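For reference, the structure discussed in these notes is given below.
The values are calculated or read from the model by the stated rules, or taken from the named source; none is laboratory data. For clarity, every value in this text was computed on a predicted model and none was experimentally measured. Methodologically, a virtual Cβ is constructed for each residue, glycine included, from the backbone with ideal geometry; neighbour enumeration extends over all protein chains shown. Note: accessible area is taken over every heavy atom of the protein model, side chains too, but ligands, DNA and RNA are not part of it. Shrake-Rupley method; radii C 1.70, N 1.55, O 1.52, S 1.80 Å.
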Amino acid sequence: MEEDRLVFGYTRRAVALDLFVVTAVVPAVLIALHLFLPESARTTLVLQHGDPDPFEFLTAAYVHSNVPHLRNNITGYLAAIVMAYLLCLEAGRRRWFVATLAVVLVVVPVFVNVVSYVTFAGAFPADPTTRGFSAVVAATAGFVYVALLVLLRTAYSTETATFAGAVIFLVLLVTFYVLHVSVIEPLLLAGASGSALLCLAALVVSARGRIPRNRAGWKRLGSESVPVALVTALLVAFVVGLFPQRVIVDGMIINVYAHWLGLVGGVAAAVLLEPVVTD
């Protein structure tokens, strides 16, 4: 009876509290800052590259230019963070999720804004400003990728995680390539496809002895493949959304450089914390 009240080995109360904080509290803070804070007060939170205040390197991530900007970031954040949470729960790594999320919300924005500030110092005739949660959104996407690999390693083996992760990475690279080149080079696509097939072949070899031998086994394998397919589709959508062809929309510059930094920061945070934070 007690086990019936558990979700992936955790109490329903703990899971409900986690989901409330992750899916309600964080978006509520972003919405409240935008809708209820006066414009003059929000301006003090924006990172002013000409004369930055140290606190602005963090606070700039939590203010937005307009409602569509806010809506897009909240939507992307919710899609990624819920997926990351479910993967971590299934892998039995709730504390790792909490620790990584804290770093993603606090440390990654500072890292991204500091690096962006240093990189673009003096590059623009007018001092630019930085605001928005998109670097954090990119970091949660990186967290999703690492969380899937940890789940695959936990449920199967390191080899499975390695080869499956390589296939997903190739899919994302091809997506980015097709999205941004004017002329597609068939040889490059053929090479990427060949590499993916080699990874899949290695995945099959590493799974030798665990390949299903009956219909029930194949059904189980199919259901276990659903998270991999969902994560791949989600990450492809993030590549399209975070790294668009047009970087100027409605007079606003989309800082794809910050998106890259956020993605790398999310992966780094998850990888560095994974071996030291255990349940």
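Data table
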| quantity | calculated |
| --- | --- |
| For the range 9-18, Karplus couplings with θ = phi - 60° (6.51, -1.76, 1.60), whole Hz, Gly/Pro x | x, 10, 5, 4, 4, 5, 5, 4, 5, 4 |
| Three-way shape call for the range 6-274 based on the alpha-carbon gyration tensor, with the a/c threshold at 1.5 | oblate |
| Backbone HN-Hα couplings from phi across the range 112-120 [Karplus 6.51/-1.76/1.60, Hz, Gly and Pro as x] | 5, 5, 5, 5, 4, 4, 5, 5, 9 |
| R0 of 30 Å, Cβ-Cβ distance VAL204-TYR177: FRET efficiency to nearest 0.05 | 0.70 |
| Vicinal HN-Hα couplings computed from phi for the range 262-274 (Karplus, 6.51 cos²θ - 1.76 cosθ + 1.60; Hz; Gly/Pro x) | x, 4, 5, x, x, 4, 4, 4, 5, 5, 6, 7, 4 |
| Accessible area per residue in Å² at 1.4 Å probe, computed on the range 49-163 | 41 Å² |
| Residues with amide H under 5 Å from that of ILE254, placed H, sequence gap 5 or more | ILE248, VAL249 |
| Placed amide H near VAL7: partners under 5 Å, 5+ positions off or other chain | ARG12 |
| Carbon/sulfur fraction of accessible area - the chain, other protein chains in place, 1.4 Å, % | 69 percent |
| Helical mean residue ellipticity (222 nm; -39500 (n - 2.57) per DSSP H run of 4+; nearest 500) of the chain | -23000 deg cm²/dmol |
| For the range 35-117: relative contact order, % (alpha-carbon pairs under 8 angstrom, 6 or more apart) | 29 percent |
| Given charges at beta-carbon only (K, R positive; D, E negative), |dipole| of the range 22-131 in Debye | 480 debye |
| Label-point separation in nm, LEU188 to ILE253, each point 7 Å along Cα→Cβ | 2.5 nm |
| Long-range amide H partners of LEU47 with built H, under 5 Å | ALA60, THR130 |
